[in-house]
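Engineer: Next up is a structure, given as C-alpha cells.
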Amino acid sequence: ISVTGVQTCALPILYHVDLFGIPNLDVHLEYVRVRPYTYTHKEDITSYRHFTTNLGHRIGPNADDLFCELRCRTSRRLLLKSQFEIMRHGANTENQNVGGSIFRPHTFPADPEYVDFLQGIREKTLSLGVIGSYEVVRNSFIEISYTYESYRGRFSGSVLKSPVHRSALQFIMKMNF
C-alpha cells in the first residue's frame, strides 16, 4: 500500500505446513511495518479513515508488528492454537507530530518532513494466547481462549513508568452460515 508516498510493508515471513514432519502442525510467522505519516494528509478531512476507524492496517502509522501462530489440528473437529505477538508504536508527543496518529494531519513546515521510525513516545505491547476450538456440529463451534497482554507506553495522556498487565479468559460459541 502506498499512501502519500510512504509505504506499508507486510511480509508473511514464514508459513510452513506439517512442521518437523508432524502432520497437521502448522506455523505462521508475519512481520508488518508501517512508516510514519502513512494514512495522513495535509488536511484532517482527507486522512485514510472512516470516522474513528483506520482504513489501513490495524496497528496504525509509525508502528511494527511481529506475529507468530502455531496451529495443531488433532482431529477434524478439534483445533488448538498458540499465538505470540509483539507490537511497537511511536506515538506523537504533545509538542511534536512524529507521524504516529491518523487524527493529526501532516502539516509542513510545522511538522518535519521526515522522522525516524518509532520516534516519539515508544509504546510496546506483548501478547500471548492459547485457543482451543471444537466443532460441535457442522459450522458450529465452541471456543475457549486465554490471552495475556503486557503494555508499556502512554495511558490516558501520561507515560507509564511500569507495564500494565491484562489477562482474559473467554468462552465463545460461533455459528457460520
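The values are calculated or read from the model by the stated rules, or taken from the named source; none is laboratory data. Keep in mind that what you see is a predicted model, and the values were worked out from it rather than measured. Here the Cβ is made from the backbone with ideal geometry for all residues, glycine too, and neighbour counts use every protein chain on show. To get the accessible areas, we keep the full protein, side chains included, count just its heavy atoms, and leave off ligands, DNA and RNA. Shrake-Rupley method; radii C 1.70, N 1.55, O 1.52, S 1.80 Å.
Engineer: Stick to Cα atoms and the Kirkwood definition of Rh, then tell me Rg/Rh for region 45-103.
Structural biologist: In region 45-103, Rg relative to Rh is 1.21.
Engineer: Ignoring ligands, DNA and RNA, what percent of the accessible area of the chain is carbon or sulfur (1.4 Å)?
Structural biologist: 59 percent
Engineer: Let me ask something else. If R0 is 41 Å, what FRET efficiency do you get for Leu70 and Thr93 from their C-beta distance, rounded to 0.05?
Structural biologist: It comes to 0.60.
Engineer: Protein chains only, probe 1.4 Å: how do Tyr148, Tyr39 rank by accessible area, largest first?
Structural biologist: Tyr148, Tyr39
Engineer: Among all the lysines, which ones have a C-alpha under 30 Å from Lys81's C-alpha, if same-chain residues fewer than 8 places away are not counted?
Structural biologist: Partners found: Lys124, Lys174.
Engineer: What's the magnitude of the charge dipole for the chain around its Cα centre, counting Lys and Arg as +1 and Asp and Glu as -1 at the beta-carbon? Answer in Debye, nearest 20.
Structural biologist: So the dipole magnitude of the chain works out to roughly 460 debye.
Engineer: With a 1.4 Å probe and every protein chain left in place, tell me how much accessible area His16 has, in Å² to the nearest 10.
Structural biologist: Accessible surface of His16 is approximately 80 Å².
Engineer: If each residue of separation counts as 0.36 nm, what is the full-extension length gain between Ile13 and Met175 once their alpha-carbon separation is subtracted?
Structural biologist: The span from Ile13 to Met175 would gain 55.2 nm if fully extended.
Engineer: Please compute the modelled spin-label separation between Val164 and Asn139, points set 7 Å along Cα→Cβ, answer in nm with one decimal.
Structural biologist: In this crude label model, Asn139 to Val164 measures out at 3.9 nm.
Engineer: May I have the pair-distance distribution P(r) for region 91-177, computed from all Cα-Cα distances with 5 Å bins from 0 and rounded to whole percent?
Structural biologist: 3, 11, 15, 13, 11, 10, 10, 10, 8, 6, 2, 1, 0
Engineer: In nm, give the distance between the simple-model label positions of Ser150 and Val27, each being 7 Å from the Cα along the Cα-to-Cβ direction.
Structural biologist: Here the answer is 2.2 nm between the modelled labels.
Engineer: Just for the Cα atoms in the chain, what are the lengths along the principal axes, largest first, rounded to whole Å?
Structural biologist: The principal-axis extents, from largest down, are 60, 35, 35 Å.
Engineer: Could you do me a favour and compute the accessible area per residue for the chain, 1.4 Å probe, result in Å²?
Structural biologist: 64 Å²
Engineer: Farthest toward the dipole's positive end in region 41-82, which of Leu79, Leu55, His41, given Cβ charges of +1 (Lys, Arg) and -1 (Asp, Glu) about the Cα centre?
Structural biologist: Positive-most Cα among the choices belongs to Leu79.
Engineer: For region 14-79, with equal point scatterers placed on the C-alpha atoms only and solvent neglected, what are the log10 I(q)/I(0) values from the Debye formula at q = 0.14 1/Å, to two decimals?
Structural biologist: Once normalised to I(0) and log-transformed, intensities are -0.61.
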